[in-house]
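First the structure, in the form of structure tokens, and then the observations on it.
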Amino acid sequence: MELFVVMDRSLFGRGVFGIFSTYTKAYEYMDQKEGARSLCEIKKFEIHGEVIQPTYIYSAYTYIKLYDLYVLEGLYAESFDAYTAAGHNGMIIEWILDMPEHKKIVSDF
């Protein structure tokens with residue numbers, strides 16, 4: 001399953017602002033935010049794992065101590081797979097698909 005992520009354009013840390021089921025929804029969200037076109041981009045991601053109920057998506061971030069930042073590693077259908085991918089010092093954020101305002105950190109090691 002392909003998902004579309006609105007994320008910042010920074011070189012190192014790739015902050016995610018929303019995860020969407022279609023490119024159109026991602027573009028509309030980005031278009032609503034003032035100044036987002038110059039600061040954000042839309043990237044297509046394959047989700048890891050079998051999607052049974054595509055409501056909740058987990059983004060896994062690995063921690064890079066040298067730069068003291070989290071970097072997006074990937075999107076996962078199951079929280080356990082996201083924990084495994086993030087590693088010991090990583091972070092997991094739970095998203096509701098197409099609802100970027102409903103996100104929460106479920107793990108911050």
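List of remarks:
- Members of region 53-81 found to be under 11 Å from the mean Cα position of the chain (by Cα) and without any contact (Cβ under 8 Å) to a residue 60 or more places away in the chain, listed by number: Ile57, Tyr58, Ser59, Ala60, Tyr61, Val71, Glu73, Gly74, Tyr76
- Pairs where the first residue, in region 83-99, is on the phi > 0 side of the Ramachandran plot and the second is buried (at least 16 other Cβ atoms within 10 Å of the Cβ) and part of a helix (DSSP H, G or I), C-beta under 8 Å, 6+ apart: Asp98/Lys25
- Each residue in region 38-70 was checked for being of a type in the set (S, T, N, Q) and loosely packed, with under 15 Cβ neighbours inside 10 Å, and 3 pass.
Computed from the coordinates by the stated procedures, all read-outs in this text should not be read as laboratory data. This one's a predicted model, so the numbers in the text were calculated from it and none came from an experiment. Quick reminder, even Gly has a Cβ in these numbers, built from the backbone with ideal geometry, and neighbours come from all protein chains shown.
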